[in-house]
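The values are calculated or read from the model by the stated rules, or taken from the named source; none is laboratory data. In this text the structure is predicted, and so the values were computed from the model without any measurement. Positions of Cβ are generated from backbone atoms using ideal geometry, with glycine treated the same way; all protein chains shown enter the neighbour counts.
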Amino acid sequence: MKVMIVDDEADIREILAFNLSAAGYDTVDCGTAEAALVQIRKGSVPDIILLDIMLPGMSGFKLADTLRKVDNCNVPIIFLTARNTENDLLTGFSAGGDDYISKPFSINEVLVRVKAVLKRCSPESQSASNIVLGDLLIDTVNKSVSVAGTPVQLSRKEYDIIHLLCSNPGKTFSRSDFIRELWKDAPYVLDRTVDVHIARIRSKLGPCRDMISNRAGFGYSIECNE
């Protein structure tokens, strides 16, 4: 497994690379988001990215958003940063982040989070059959979504949410349910984070957007009357 470390502080890159290598990971490090993007576009796609937010030039948020929306790259991303306000967390998850670790951090925490995110995002963790609800199709092998045959570009976390809903049609999930199921290894997830992701999913589903219903005071479910 290859871990890409993107941080403008050389000592942090060195410490992370040393400990990740000792744990059996291959590592590559970049001092800027631009350098990371060049490597990825040349085909050197890692299995996971440890990404700082405050970078010279392109920010970590911008890199994540570019990878998700422009390059259609769903490599897992863990934001590694000293910024941990509620707004920063929501922005990070909305940009397609899979986890968020605040500086200063312990190496053991980083190793545990990397292992957990890789396990959660592995193909083996997904069911091998497609899910079809009306015009909405979930390809659980390729982890993709389409509406009436048209592909829908979702971040990894957005996919996880729609997959959970579609695997349990008619079942209502509270915000706490989503956090427990999909963010079990992330300690800083807020209820609003779920709302942000649901709103983004709805905006992308076109004619299927109303399949996701919100029962006030209870949570979200997906309904299909066909």
* Residue in the stretch 66-90 that is modelled with the highest pLDDT, counting only those that are polar (S, T, N, Q) and over 12 Å from the mean Cα position of the chain (by Cα) -> 66
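Go through 215, 180, 192 for me and flag whichever is assigned by TED's automatic domain parsing to the domain that holds residue 130, in contact with a Ser or Thr (Cβ under 7 Å, 6 or more places away or on another chain) and surrounded by fewer than 17 Cβ atoms within 10 Å (Cβ to Cβ). Full working, then the answer.
Details: 180 fails: in contact with a Ser or Thr (Cβ under 7 Å, 6 or more places away or on another chain); 192 fails: in contact with a Ser or Thr (Cβ under 7 Å, 6 or more places away or on another chain).
None of the others qualify; the one that does is 215.
Looking for whichever is within 18 Å of residue 37 (Cα to Cα) and either at pLDDT below 85 or under 16 Å from the mean Cα position of the chain (by Cα) (or both) here; the options are 53, 101. Which one fits?
Working: 101 fails: within 18 Å of residue 37 (Cα to Cα).
Answer to the selection: 53.
Out of the stretch 16-33, which residues are in a helix (DSSP H, G or I) and surrounded by 15 or more Cβ atoms within 10 Å (Cβ to Cβ)? Let's see the steps before the verdict.
As a first pass, look at the stretch 16-33 and keep what is in a helix (DSSP H, G or I): 16-22, 33.
Across the stretch 16-33, the qualifying residues are 16, 17, 19, 20, 33.
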* Asked: What are the residues in the stretch 202-226 that are under 22 Å from the mean Cα position of the chain (by Cα) and under 20 Å from residue 181 (Cβ atoms), if any?
  -> 202, 212, 219, 220, 221, 222
* To do: Within the stretch 136-167, work out how many residues are touching a residue at least 40 places away in the same chain (Cβ under 8 Å), more than 15 Å from the chain's Cα centre (by Cα) and surrounded by fewer than 20 Cβ atoms within 10 Å (Cβ to Cβ).
  => 5
* Asked: Which one of these does residue 90 not meet: (1) touching a residue at least 40 places away in the same chain (Cβ under 8 Å); (2) over 26 Å from residue 200 (Cα atoms); (3) in a helix (DSSP H, G or I)?
  -> (2)
